[in-house]
1. Is there a residue being in a helix (DSSP H, G or I) and hydrophobic (A, V, I, L, M, F, W, C) anywhere in the stretch 5-18?
2. Of the conditions (1) outside any helix (DSSP H, G or I); (2) touching a helix residue (DSSP H, G or I) at 6+ places or on another chain (Cβ under 6 Å); (3) over 28 Å from residue 317 (Cβ atoms), residue 243 clears all except one; give me its number.
3. Just one of the numbered conditions (1) without any contact (Cβ under 8 Å) to a residue 40 or more places away in the chain; (2) at negative phi; (3) open to solvent by 40 Å² or more (accessible area, probe 1.4 Å) is not true of residue 6; which one?
4. Checking residue 152 against (1) surrounded by fewer than 16 Cβ atoms within 10 Å (Cβ to Cβ); (2) within 20 Å of the chain's Cα centre (by Cα), only one condition comes out false. Which one?
5. With respect to residue 252, determine if the residue is out of contact with any helix residue (DSSP H, G or I) (no Cβ under 9 Å at 6 or more places or on another chain) and either of a type outside the set (Lys, Arg) or surrounded by fewer than 15 Cβ atoms within 10 Å (Cβ to Cβ) (or both).
6. Quick check on the stretch 187-204: of everything there that is assigned to a helix (DSSP H, G or I) and open to solvent by 50 Å² or more (accessible area, probe 1.4 Å), which residue is nearest to residue 24 (Cα to Cα)?
7. What are the residue pairs meeting all of these: first residue in the stretch 142-171, first residue more than 11 Å from residue 228 (Cβ to Cβ), second residue small (Gly, Ala, Ser), Cβ atoms under 6 Å, and 6 or more apart or on different chains?
8. Does the stretch 376-397 contain any residue that is touching a residue at least 24 places away in the same chain (Cβ under 8 Å), among the hydroxyl-bearing types (Ser, Thr, Tyr), open to solvent by 30 Å² or more (accessible area, probe 1.4 Å) and farther than 28 Å from residue 52 by Cβ?
Amino acid sequence: MLPLTGLRIVAVEQYGAGPFGTLYLANLGAEVIKVEDISNGGDVGRSVGPYFVEGESGDNSSLFFQGFNHNKRSLSLNLSSPQGQEILHRLILTADALTDNLRGDVPDKLGITYKQLGKINPKTVCAHLTAYGREGDRAKWPGYDYPIQAEVGYFKLTGEPDSPPMRCGLSLVDLSTGVALALAVISGVLNARETGKGRDIDVSLFDNALYNLSYIAMWQLNAGHNQQRVPRSAHFSLSPCQLYKTKDDWIYLMCNKEKFWAALCQCMGHSELIEAPKFINFRERQKNKEELTGILDNILSKKKTTEWLSIFAGHVPAAPVYDIEQALTNPFVAKTDRIQSMCSDCGQEIKMLAPSIRCDGEMVKFKRAPTLGEDTKDILTELGYSAAEIAKLASYGII
């Protein structure tokens, strides 16, 4: 059994960050029930293009949506209504946790905080992913990945020094905050099972992005160093660790231990560089990095990237510089189980990446993302609602 088998999560989620966090839980065996507002078409991710499952016309045909929401169930529910709240309360009695990724002032309005749901189920863990937190001046602010990247300094750390400020190529704030949400949920549930009492747990895009500054923030706060961009995507303090030119392309080397500098020199056939005074240690190599870059460019330009990778394999941390297609067709990926597949409603194969957390060779069985409200009747039946009651709720627009 997967480690989270038996864990039930109610997820009032949409778009990217929240769904990415609960996807980790679903792929580890948890039952994730997406609560979607039927009045506005559910998760906005359902309409995100430009690519959709070929031949599929349902509201789950967006490949964006499929990527974040496979292996989940969908409950369409109007939480703003008394009847919707009653359904939620019955559901919470069966659940370990509720997650949401809404604007900071919305959870309280929707009745999905521990103050409200703890009265129904004291063990409930309410994990909130917001843009700027649920308190303070920005609680009511909408917020997204890219503007937050800009404000916390990522744009001024990414790209070449003479280029315009540049965001990271991926939505790293959304994705990393989703992972933090998953960790928050598991931490809260472990504690609730031990103590019998749940709680609110908060993560925010802004706080997580700020926390990711890590040692860069330590340098500024304690040494007054205001880190700026450096050429060729280099490490800020260690060398050689950057892009270098080869005969046909680029290669990235990351010699972040002294032993790798020696290995690099030996693999290149230039052992004399190991003990050269200008390059004898990290401090000297960093001080003379421009000269070292020229020397390494000259040596590495004698062979193609693939030739160097063969020479460095197992000795020097090195990588080719791929685009997305090359990354996904890389034999290290394509010839393994790192790409999985599932079937759409019309029988079309949908390929996706396997989860990054592995459990002794065991892997979840992949199921395509649900249509809006696909599991509503089944979930309500499980909660004790009769067919007549379900039909009545549907006629009122509650589900």
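1. Within the stretch 5-18, one or more residues are in a helix (DSSP H, G or I) and hydrophobic (A, V, I, L, M, F, W, C).
2. Residue 243 satisfies all of (1) outside any helix (DSSP H, G or I); (2) touching a helix residue (DSSP H, G or I) at 6+ places or on another chain (Cβ under 6 Å); (3) over 28 Å from residue 317 (Cβ atoms) except (3).
3. (2)
4. Condition (1) is where residue 152 drops out.
5. Here the answer is no, as residue 252 does not meet what is asked.
6. Within the stretch 187-204, the match that is nearest to residue 24 (Cα to Cα) is 187.
7. Hits for this filter: 143/131; 145/171; 148/209; 152/209; 166/159.
8. Yes: the stretch 376-397 contains one or more residues that are touching a residue at least 24 places away in the same chain (Cβ under 8 Å), among the hydroxyl-bearing types (Ser, Thr, Tyr), open to solvent by 30 Å² or more (accessible area, probe 1.4 Å) and farther than 28 Å from residue 52 by Cβ.
The values are calculated or read from the model by the stated rules, or taken from the named source; none is laboratory data. Keep in mind it's a predicted model, so treat the numbers as computed, not measured. Note that each Cβ is placed from the backbone with ideal geometry, even for glycine, and that neighbours are counted across all protein chains shown. Just so you know, the surface numbers come from the protein's heavy atoms only, side chains and all, with ligands and any DNA or RNA stripped out. Shrake-Rupley method; radii C 1.70, N 1.55, O 1.52, S 1.80 Å.
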